[in-house]
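These notes are about the structure you will find just below.
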Amino acid sequence: MSPPPVRSAPAYRPAPASRPRETNKANKGSGNTNRGNLPSAGTPSNVVNGGRQPSATSKTVPQPSTYTSPGRLPSTNSSPGVDSSGFKTTATAARAGILNGRPLPPGEVVKNKDGSSALRTKDGRQYVLGPNGHLDTFRGTNNTEARFRPDGSVHTVHANGMTITHGPGGVRHIIAERPDHTVVVSSSARHGYVQRQFTAGNQQFVQRTHYFNGVSYTRVYQSYYYRGVLLERYVPISYYSPAFYGWLYSPWPAPISYGWGWAGNPWYVYYGWYFEPFPVYPNASLWLTDYILSTSLTQAYQERVDAAASNSQANPGPSDAATTRQGALTPEVKQVVADEVQRQLALEKADAEAAARNATVDAGSEAIPQTLNDNAAHAFVVSTALEVSTSQGQDCAVTEGDVLQLSGPPPVNSAAAEVKVLASKDQDCRQGTLVTVSFQDLQDMQNHMREVIDQGMGQLQAHQGGLPAPPAGASGQIQSSFASAVPPADPNVAAELKRQVHTANLTEEQVVSQATAPETGTAGGVLVVSSPSPVTISLGQTIDQVVASLGNPKQIVNLGAKQIYVYSDMKVIFANGRVSDVQ
């Protein structure tokens, strides 16, 4: 069975706490710049020692008092200052020292020269407010952190080994790295991937088992460093024959019309004002361009549907921009994308020839380093909703299917490049705006384009629906040099994503509980509230239930049917996925 339409997920970033996927512009010049200026912690007060239960069959751990989240609240688009995590910190309320209807706790306050201020309580919690009085950052015990936008909505949460980012349109991205370096990335229980590293021919790769609406499939990426940044470029496990790439690169004997079958499709109804397919196709690159754009817009619509469902909203209705064509995809913009498709086809053809020689391509000679420095005008189709900065220092959002263009190399020692918005569905980042995008995000966009091109080439080789037939000798495939070393797909990817989303929901509620607790202390490194609501780990509980209560373990010992989750003060033993002992 062929894989579902490629839908990109946020790529894993090592040490996510140092760089959320979307840069937290809300903290610029305030919270982030004053980490070293916070006052020293005072003596903890009202410490409650929950103690340890002597029984080997259960253990009670002091936890923050239970916070009842308002549930799936409307997104900040319809109810400013409130998001699905349960935080409510409007700018007006924050200036008055209010978080979720409660005053910020008393503590020592330091005023900074830029007008921001930092409050630290006796129990070690830290609150950083921006010059305008809005809450920028909350840092709790156990290395928990929440960052806020100026409107009071949550931007990023770091806790329990997770980075949870709330992106444009209410879409949430969750990244977690486990002790064995397995990485799980998700935006919902139906969409994400599990990533594992492997080595082949002295080259570092990662294998991702993607999951999308009930179907899983594997992709491989080659790891490399550029200007000190770890990047991963998509590499096919198998290539087509050089003759097939040559046919794709050349004009067809005669233009063809193609029936896409989108009429009445919800995504096309929603984005019909923005995108129209070419009436005829004189070559494969134009057909692949419409294939890439339609796939990206399908993803954009699905992101909106998923975010609406998670926030208990109705599905998207007609687009607000349907009355105007400002920012729409013009034939000229689509030709810029088609030119980039041609470049990527040429690169893949060269890679296929290397694979035929059983050679591994050096990632540093391709991908983003080459793209940034060849002085050509390169096009990027946005694959994941992002927050970016304009040349005027303002913030705006680009979403799947928007088109950006790079026209020159970035500054020396920079880890980001300036690009122009050629087409945009929303009026946030308007057409013609210059914005700064990180190398990682540009590599993600390029990866997504190559992945969708590969999928489209499969349809072109099958030449169904009126597509011209490739010439004789253009069939067959060439295996990559690393193909035999690719690990098998993760059979538990669906369960892993479901578990992660569940844990993320509880994690955000726990951070809310810490931030709004009236008086707290620390005992053994565990946050303890003066009126603790203990959580009991007992026989028969599932791994999900234990992780939701205690967070990710420091170490996992996998013995097949038996697993041991090692925490700082206990070991939880599972047999067949359920607690069998606590030590």
Compute the distance in nm between two label points, each set 7 Å from the Cα along the Cα-to-Cβ direction, one at residue 265 and one at residue 556. 3.6 nm
For the pairs 498/554; 122/554; 113/554, note any where the Cα-Cα span goes beyond 31 Å. 113/554
Length gained when the stretch residue 376-residue 197 is fully extended (0.36 nm per residue, less Cα-Cα span): 61.1 nm
Amide H to amide H, which residues 5 or more places from residue 235 or on other chains are under 5 Å from it, using H placed in the peptide plane? 220, 221, 222
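Ranking request for peptides 178-191, 499-512: highest mean number of other beta-carbon atoms within 10 Å first, then the rest in descending order.
On the way: 178-191: 18.6, 499-512: 22.3.
In descending order of packing, they fall as 499-512, 178-191.
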Computed over the range 148-285, the Cα gyration tensor eigenvalues, each multiplied by 5 and square-rooted, give semi-axes in Å (largest first) of 35, 27, 15
Just the Cα atoms of the range 320-442: what Rg and Dmax do they give in Å? 15.9, 54
In whole Hz and in residue order, list the ³J(HN,Hα) couplings for the range 415-430 that follow from phi through the Karplus curve 6.51 cos²θ - 1.76 cosθ + 1.60, θ = phi - 60°; x for Gly and Pro. 10, 8, 10, 8, 10, 9, 7, 8, 8, 8, 6, 9, 8, 6, 9, 6
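Specify, per residue and in Å³, the volume enclosed by the convex hull of the alpha carbon atoms belonging to the range 226-299.
On the way: hull volume 12.4 nm³, N = 74.
Cα convex hull per residue, to the nearest whole number: 167 Å³.
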Count the net charge of all other residues whose Cβ sits under 11 Å from the Cβ of residue 544, scoring Lys and Arg as +1 and Asp and Glu as -1. +2
Can you give the relative contact order of the range 406-452 as a percent, counting alpha carbon pairs under 8 Å and 6+ residues apart? 29 percent
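Given N residues in the range 238-481, what is Rg(Cα) / (2.2 N^0.38 Å)? Can you show the working numbers first?
Values: Rg = 18.6 Å, N = 244, 2.2 N^0.38 = 17.8 Å.
Computed over Cα atoms of the range 238-481, the ratio equals 1.05.
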Between residue 180 and residue 254, with labels modelled 7 Å along Cα→Cβ, what's the label distance in nm to one decimal, could you check? 5.9 nm
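Coordinate-derived values only; no laboratory data. From a predicted model like this one, the values you see are computed outputs, not experimental measurements. Here the Cβ is made from the backbone with ideal geometry for all residues, glycine too, and neighbour counts use every protein chain on show.
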